[in-house]
Amino acid sequence: MLRVLRQISVAKVNAQVLRGITKYSQCMGVIFFRLKENKICTKTNWLKCLSVIHRLMNLCVFASTYAPYIVNDRVSITKLLHGIRFLVGVFSSLWIIKLQIFNDMDIIKFVQRFIELFGNVKSACIRRRIGFGGKKECCLILLNVCGMIHEIVYRLPMIRKFVLTYGTFAYLWCNTYIIVGTNMFLHINLLAYISFGIMFAELNYYFNTELMPQLYQLQASSDRKKLRRKLKKCLDLYGEIFRLKTSFDELFLIPLFFAIIYKTSVSCLVAYSLVIHLKFRSIWLSIMIVKHILDLLLLTSSIQNAMAEFSMIRWINFEASHEDFQDLLDSFSAFLSLQQFRARILGLFDVSNKFFILYVYGLLCWLVFIMQYAEHLGNTGKYGF
């Protein structure tokens, strides 16, 4: 058994899992394109129209069933949190529809550029692993898949409280459909920054082990032209990855902000119900809180890893290289000094490990607050999550 596991390629496993995530996203109406065997991204009009109509129908059911509940909630704190959750869910659904109708070609071009760039990086580097990433990326992706599964099954313990009718099933499905669409922006950003980190890691390894030794030991003039082409191609790939990341942020960074707000409101609601009504006697709700914390941890880890890989190239001593290539290296050094690789949302904050620590600290403060609130008021309020 262990011998078989050693022979399994982690990169191939990652690629197959990503293929499954793509199919899952198509079923949930987020992805409206498909990838052929020749790796050309094609737009599927019937899938886009079906997903837009389906999402509008689910949004109407979600709004018509959730809004009256929020209005009738008598607890001000939970009413506010439910209101935030409702508004973010509606906004995320409308943003998905907006992307599918008005930005469909932008997304198609982005996916095509990403596939071509990923292939160019793989072909340029000497580590030609077939697949996607290594063990670290596999761990992040599999944990992310566990979070996706939880988003589908998290209401199963609550089903016993409902009388299963067509109306109840429609309510549960529409609610789950909107939730999955909202959280999908976080998953998309996670996988995108994992990809950026992989490409930067491949280029860094190629630059350090292949190009830099040749720059220090260069002698023949014929080798200089060949090496200059390699160096220029490598440095151009760095710039293309950064420009691709900028295009990605324009499409998906704002909905990521609302996905984080959604996770914050849901975590506060779950913590309120766990403390006030269940007195910490629900393992399922505790798992939900851990799941939301883990989702944010995975996101910040992938972003932090991509930032670290991008900053590693700054530590290379370009001045010790051959003078024939100094113009290329000087322009690249200027590019590195002017650009910052980070996920900054609306100019307010960076999504990083520091942000994750602040998030956990705020959640702990909220738990302490509602524990004191429960001790002061007793077990009051209506369970409404």
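The values are calculated or read from the model by the stated rules, or taken from the named source; none is laboratory data. These numbers come from a predicted model, not from an experiment. We place every Cβ from the backbone using ideal geometry, glycine too, and count neighbours over all the protein chains shown. Heavy atoms of the whole protein, side chains included, go into the accessibility calculation; ligands, DNA and RNA do not. Shrake-Rupley method; radii C 1.70, N 1.55, O 1.52, S 1.80 Å.
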Extension gain Tyr361-Leu94, at 0.36 nm per residue separation less the Cα-Cα distance, in nm?
93.0 nm
What part of the accessible area of the stretch 204-358, given as a whole %, is carbon or sulfur when the probe is 1.4 angstrom?
58
Averaged over every viewing direction, what's the projected area of the C-alpha convex hull for the stretch 246-347? Give it in nm², one decimal, please.
8.9
I'd like to compare 333-340, 100-107, 143-150, 301-308: which one has the highest average count of other Cβ atoms within 10 Å, and what's the full order after that?
301-308, 143-150, 100-107, 333-340
Considering only DSSP states other than H, G, I, E and B, which trypsin sites (Lys or Arg not before Pro) in the stretch 50-85 qualify as loop sites with at most 16 other Cβ atoms within 10 Å?
Arg74
Set the Förster radius R0 to 25 Å, insert the Cβ-Cβ distance between Val290 and Val75 as r into 1/(1 + (r/R0)^6), and round the FRET efficiency to 0.05.
0.55
Using a 1.4 Å probe on the protein heavy atoms only, what accessible surface does Glu151 show? Give it in Å² to the nearest 10.
10
Between Lys109 and Ile345, take the C-beta separation as r, use R0 = 22 Å, and let me know the FRET efficiency to the nearest 0.05.
0.40
Taking a 1.4 Å probe, which of Trp95, Trp46, Trp173 shows the most accessible area, and what order do the others take after it?
Trp46, Trp173, Trp95
Computed lengthening from Trp173 to Glu210, 0.36 nm per intervening residue step minus Cα-Cα distance:
8.0 nm
Per-q log10 I(q)/I(0), the stretch 52-98, q = 0.17, 0.19, 0.26, 0.28 Å⁻¹ (Debye; single scatterer per alpha-carbon; no solvent):
-0.50, -0.60, -0.90, -0.98
